[in-house]
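Read through the structure below, which is laid out as structure tokens, and then see the notes.
The values are calculated or read from the model by the stated rules, or taken from the named source; none is laboratory data. Because the structure is a prediction, the values reported are computed rather than measured. Here the Cβ is made from the backbone with ideal geometry for all residues, glycine too, and neighbour counts use every protein chain on show.
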Amino acid sequence: MAEDRANVTQVEIYGQTYTVRADSDSSYVRELARFVDGKMREVAERAATVDSAKIAILAALNISDDLYQRERRSQGDPANAKARVERLIKKLDDALEAR
């Protein structure tokens with residue numbers, strides 16, 4: 001069973017202690033918790049609410065937006081990628097012909 005292999009790690013996020021069971025090692029889980037805690041604190045500085053559930057939702061939206069934007073940038077415009085690949089192939093062909 002996967003649960004038998006899971007590591008149990010206690011982390012603190014936004015003043016609350018959580019017990020997390022994960023297949024990842026404890027240091028990775030603590031790193032993720034620090035990241036989430038930091039995002040929540042950033043949101044709390046700018047938000048007009050002190051409700052930790054609302055702050056958590058806003059932090060989740062910010063993290064999701066960051067991830068979504070990174071994925072879009074890494075995928076790029078397919079037409080642009082195709083043009084770049086064609087240019088690279090031409091350069092390789094030219095280099096091979098020059099040999």
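Collect the residues in the stretch 33-59 that are of a type in the set (D, E, K, R), surrounded by fewer than 14 Cβ atoms within 10 Å (Cβ to Cβ) and farther than 22 Å from ARG21 by Cα, keeping them in residue-number order. Full working, then the answer.
Going through the stretch 33-59, the residues of a type in the set (D, E, K, R) turn out to be 34, 37, 39, 41-42, 45-46, 51, 54.
When the remaining residues are screened for being surrounded by fewer than 14 Cβ atoms within 10 Å (Cβ to Cβ), the result is 34, 45-46, 51.
Of everything in the stretch 33-59, those that are of a type in the set (D, E, K, R), surrounded by fewer than 14 Cβ atoms within 10 Å (Cβ to Cβ) and farther than 22 Å from ARG21 by Cα turn out to be GLU45, ARG46, ASP51.
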*Can you work out which of the residues in the stretch 60-88 that are within 16 Å of the chain's Cα centre (by Cα) and surrounded by fewer than 10 Cβ atoms within 10 Å (Cβ to Cβ) is farthest from GLN16 (Cα to Cα)?*
GLN75
*asked:* Cβ contacts < 7 Å: first residue closer than 16 Å to ASP25 by Cα and of a type in the set (Lys, Arg), restricted to the stretch 1-14; second residue outside any strand (DSSP E or B) and at pLDDT 70 or above, any location; separation 6+ or different chain. Result?
replied: ARG5/ASP23
